[in-house]
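Where a number appears in this text, it was derived from the coordinates with a stated rule and is not lab data. All values reported here derive from a predicted model rather than from experimental measurement. Note that we place each Cβ from the backbone using ideal geometry, even for glycine, and neighbour counts take in every protein chain shown.
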Amino acid sequence: MHALTKIAGGIAMAANAAGTFVVIALIAVVNYDIVARGLFNKPFLGAVEVVQFSMVLIVFLQLPDVIRVGRLTRSDGFLSLMTQKAPPTGRFMRRTIDLVSAVFMILVAIAIWPEFLEMWETGDFFGVPGVFTAPWWPVKLVIFLSACLCALHFVLHIFTSNGDDAASQDSSA
């Protein structure tokens with residue numbers, strides 16, 4: 001279990017780093033568009049499409065690492081109170097939430113897989129033909145792989161949780 005946690009954590013950190021590079025590339029594209037538009041009256045055609053494409057990539061590349069370190073935005077007030085007042089109940093609730101979250105991510109992966117295959121086979125593009133186009137399949141593949149990795153991290157939290165926050169679990173792993 002420890003080896004699987006370590007491998008999944010490494011993949012999540014690498015995906016997070018890739019998401020960070022997408023952020024840097026997005027900043028470069030936006031700045032280029034601003035300078036080219038302002039100084040040369042030649043905007044970067046497709047800047048809007050690149051921003052849309054990048055936002056999805058950023059979210060889904062960084063999501064597994066966010067889950068791994070226990071920084072997913074959620075309201076933990078009641079859960080923390082239950083963990084303090086009734087530790088077995090709190091642990092049960094935390095594991096139940098992780099299980100439901102894992103199931104949800106598996107459903108996302110199942111739902112996106114046929115879309116990925118369709119985009120791969122048809123070569124479907126988004127954007128404005130003749131101006132800027134890009135294939136959809138890389139986005140669908142990132143969503144699929146991210147959902148699978150997120151589900152894996154939720155399942156790992158179920159089996160490695162000691163009732164504390166996920167962040168404290170991961171720092172000890």
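Some observations on this one:
- Here residue 110 fulfils each of the conditions (1) under 26 Å from residue 10 (Cα atoms); (2) under 17 Å from the mean Cα position of the chain (by Cα); (3) touching a residue at least 12 places away in the same chain (Cβ under 8 Å) apart from (3).
- Among the candidates 59, 69, residue that is under 30 Å from residue 125 (Cβ atoms) and touching a helix residue (DSSP H, G or I) at 6+ places or on another chain (Cβ under 9 Å): 59
- Every pair of residues 6+ apart whose Cβ atoms lie under 9 Å, when the first sits in region 55-66 and is free of Cβ contacts under 8 Å to residues at least 60 places away in the same chain while the second is hydroxyl-bearing (Ser, Thr, Tyr) and assigned to a helix (DSSP H, G or I): 58/20; 59/146; 62/20; 62/146
- When we screen 134, 147 for residues that are among the hydrophobic types (A, V, I, L, M, F, W, C), within 28 Å of residue 47 (Cα to Cα) and outside any helix (DSSP H, G or I), the only hit is 134.
- In region 60-74, the residue that is surrounded by the fewest Cβ atoms within 10 Å (Cβ to Cβ) out of those that are not acidic (Asp, Glu) and not in a loop (DSSP other than H, G, I, E, B) is 66.
- If you check 45, 39 for being among the aliphatic types (A, V, I, L, M), more than 20 Å from residue 142 (Cβ to Cβ) and touching a strand residue (DSSP E or B) at 6+ places or on another chain (Cβ under 7 Å), only one passes: 45.
- Within region 22-49, being of a type in the set (Phe, Trp, Tyr) and exposed (fewer than 13 other Cβ atoms within 10 Å of the Cβ) holds for one residue alone: 40.
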